[in-house]
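Student: Just passing along the structure, written as structure tokens.
All of the numbers you see were taken from the coordinates with simple rules; none came from a lab. Everything numeric here is computed off the predicted structure, so don't read it as measured data. Positions of Cβ are backbone-derived with ideal geometry, glycine not excepted, and every protein chain shown enters the neighbour counts.
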Amino acid sequence: MAKITASVYTSHVPAIGAAIDLGKTQEPYWQPLFAGYDFSKEWERAQKPDVVFLVFNDHATAFSLDMIPTFAIGTAAEYQPADEGWGPRPVPAVHGHPELAAHIAQSVIQDDFDLTIVNKMDVDHGLTVPLSLMFGQPPQSDFRWPCKVIPFAVNVVQYPVPSGNRCFQLGKAIRRAIESFDEDLNVQIWGTGGMSHQLQGPRAGLINKDWDNRFLDRLIAEPAELAKVPHIEYVREAGSEGIELVMWLIARGAMADVAGGPAPKVVYRFFHVPASNTAVGHLILENQPV
Amino acid sequence: MSLDKPYLDVPGTIIFDAEQSRKGYWLNQFCMSLMKAENRERFKADERAYLDEWAMTEEQKQAVLARDLNWCMRTGGNIYFLAKIGATDGKSFQQMAGSMTGMTEEEYRNMMVSGGRSPEGNRFLGEDGDAQPHHQPQGKAGRKTTGSN
């Protein structure tokens, strides 16, 4: 049977991708941030996941105002890195897992979450920056990501975005779906975006370290309570774009303790300000044997 | 009955909701068109002519020509769409975000390196934080011109 072994949480700031692609990771501005992911890369090399279920948001790349799906699951075999206006990132194409993705879509929709199914989509920095942070830059001699990826896009661009509680409940349904798939697969679920940031207006540049760290504390210890936080608190405390953090609740809702299992082990936690306009948060939680 | 919009009293912030999205539809779709290299070239060659191909309001066109992102936002623009104009101009996200504060690029960068803008005084309209309307513009860049917002 497929199993969710761990969840990973990380910001997906586009400037991080640019710093990697332009070879700036050792510059004094960026060095502390990338050092914060050294452990994670080592950990992934040991974990060897078969599939990452990657919750992210599209930033007016694949989805314009033509269509704005609230929750969209990628069921394709392959996704190309998008040209977001600066040229596509020089990273490998992303290989999907169409069989597992289709299984999840069928299960989750029958569980009352009306997903949009996407078979053609370019993926932007929201998806590729977390892959770069967790797996590093694949060598030219073996230019591919080390696992398959199921992209799961959430609308956090146009309000209203889904509530924290809706995301948390959806995570539970995704867990039920994955763990009912017959093939033996090591699956991780990642929640990306955030932490506090605001990219617009005279309030641009807002950072709230205290609120962010409390969010991390509560995500670990009391996710169901955290899921009750209303949108307006994210906007006021973490900035208009800090609302991306609702996506972390999807990954957290898919962990075993939420379904009555043992509490996850906190394997790693990291926080850094700034990456461009944004506070960067990162967390790794491992499910524990019953 | 009107919709509940508790975010209208957050200073220096325009939430891109369904109403703003409706107002900004053509402005944002114009921005999306700049993801194609050939459209970026046509826009750069004659900005006004390219804008006139879109069903945008005259005010939206003026806001784009002025590269005044706060003005673009008021007319329904969304930052992730407006970022395509910045990419066309060779600007980073930080330069774009900073341009909305009235700070110079250096002032804004220094604020971020020092830990960013504090939420203190910036949660509700009527407080006294640096993002409040009575403290605009915030930096030297804004003082050079008449400012916006």
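Student: Of all the Cα-Cα pairs you can form in segment B:1-78, what percent are over 19 Å apart?
Tutor: On the way: 1192 of 3003 pairs.
Looking at segment B:1-78, the distances longer than 19 Å represent 40 percent of pairs.
Student: Taking the Cα-to-Cβ direction at A:Thr116 and at A:Asp184 and moving 7 Å from each Cα, how far apart do the two end points lie in nm?
Tutor: Distance between the two pseudo-spin positions: 3.9 nm.
Student: Nearest 20 debye, what's the magnitude of the dipole of segment B:101-149 about its Cα centre given +1 on Lys and Arg Cβ and -1 on Asp and Glu Cβ? Before the final figure, lay out the partial values.
Tutor: Numbers: 6 positive and 7 negative charges, 36 e Å.
The dipole magnitude comes to about 180 debye.
Student: If you find the alpha carbon centre of segment A:93-148 and of segment A:214-290, how far apart are they in angstrom?
Tutor: Between the Cα centre of segment A:93-148 and that of segment A:214-290, the gap is 21 Å.
Student: With unit charges on the beta carbon (Lys/Arg positive, Asp/Glu negative), name the residue among A:Asn208, A:Phe181, A:Val129 whose Cα is farthest towards the positive pole of the charge dipole of chain A.
Tutor: Looking along the dipole axis, the top candidate is A:Asn208.
Student: Rounded to the nearest 500, what is the 222 nm mean residue ellipticity of the protein assembly as shown from helices alone, with -39500 (n - 2.57) per DSSP H run of 4+ residues and division by all residues?
Tutor: -10500 deg cm²/dmol
Student: Using Cα centres only, tell me the gap between segment B:5-40 and segment A:1-68 in whole Å.
Tutor: Computed from Cα coordinates, the inter-centre distance equals 26 Å.
Student: Which of the chymotrypsin sites (Phe, Trp or Tyr not before Pro) across segment B:75-149 are loop residues per DSSP, with 14 or fewer other Cβ within 10 Å? Numbers along the way, then the final one.
Tutor: Numbers: sites: B:Tyr80, B:Phe81, B:Phe93, B:Tyr108, B:Phe124; in loops: B:Phe124.
Passing sites in segment B:75-149 are B:Phe124.
Student: Rounded if a/c is under 1.5, else prolate if a/b beats b/c, else oblate: with a ≥ b ≥ c from the C-alpha gyration tensor eigenvalues square-rooted, which is chain A? Before the final figure, lay out the partial values.
Tutor: Working: a/c = 1.23, a/b = 1.10, b/c = 1.11.
In terms of gyration-tensor shape, rounded.
Student: Connecting C-alpha atoms closer than 10 Å in a GNM of chain B, tell me which of B:Leu125, B:Leu34, B:Leu82 has the biggest fluctuation.
Tutor: Fluctuation is largest for B:Leu125.
Student: Please report, in whole Å, how far the alpha carbons of chain B spread along each principal axis, starting with the longest.
Tutor: Principal-axis extents of the Cα atoms in chain B, largest first: 46, 45, 26 Å.
Student: A further question on this structure: Given Cβ point charges of +1 (Lys, Arg) and -1 (Asp, Glu) and nothing else, what value in debye, to the nearest 20, does the dipole of chain B about its Cα centre take? Mind dumping the intermediate values first?
Tutor: Details: 19 positive and 21 negative charges, 64 e Å.
Taking the Cα centre of chain B as origin, the dipole is about 300 debye.
Student: Remind me, what semi-axes does segment A:212-290 give for its equivalent ellipsoid, largest first in whole Å, using sqrt of 5 times each Cα gyration tensor eigenvalue? Could the numbers behind the result be given before it?
Tutor: Details: eigenvalues 113, 48, 15 Å².
In descending order the semi-axes read 24, 15, 9 Å.
Student: So which trypsin sites (Lys or Arg not before Pro) in segment B:1-54 are both in a DSSP loop and have at most 15 other Cβ atoms within 10 Å of their Cβ? It would help to have the intermediate numbers written out before the result.
Tutor: Values: sites: B:Arg22, B:Lys23, B:Lys36, B:Arg40, B:Arg42, B:Lys44, B:Arg48; in loops: B:Lys36.
Those satisfying the criteria are B:Lys36.
Student: Oh, and also: For segment B:101-149, calculate the relative contact order in percent as a whole number, restricting contacts to Cα pairs under 8 Å that are 6 or more residues apart. Provide the component values of the computation, followed by the final result.
Tutor: Numbers: 50 pairs, mean separation 22.8, N = 49.
For segment B:101-149, the relative contact order is 46 percent.
Student: Taking every residue in B:77-86, how many Cβ atoms of other protein chains lie within 10 Å of its Cβ, on average?
Tutor: Per residue, the average neighbour count from other chains is 5.
Student: Now, a different point. Kindly identify segment B:101-149 as rounded, prolate or oblate by the Cα gyration tensor criterion: order the square roots of the eigenvalues as a ≥ b ≥ c, call it rounded if a/c is under 1.5, otherwise compare a/b with b/c, prolate if a/b is larger, else oblate. Show your work: numbers first, answer last.
Tutor: On the way: a/c = 3.42, a/b = 1.12, b/c = 3.06.
Verdict is oblate for segment B:101-149.
Student: Using a simple spin-label model with points 7 Å from Cα along the Cα→Cβ vector, what separation in nm is obtained for B:Lys36 and A:Phe143?
Tutor: The answer from the label model is 2.7 nm.
Student: For segment A:9-105, which trypsin sites (Lys or Arg not before Pro) are in a loop by DSSP, counting at most 16 other Cβ atoms within 10 Å? Present the calculation step by step, with values, prior to reporting the outcome.
Tutor: On the way: sites: A:Lys24, A:Lys41, A:Arg45; in loops: A:Lys24.
Answer in residue order: A:Lys24.
Student: Which aspartates and glutamates have a Cα lying under 12 Å from the Cα of B:Lys36, excluding residues fewer than 8 positions away in the same chain?
Tutor: Straight-line reach from B:Lys36, under 12 Å: A:Asp83, A:Glu84.
Student: What distance in nm separates the simple spin-label points at B:Trp54 and A:Phe271, each placed 7 Å from Cα in the Cβ direction?
Tutor: 3.9
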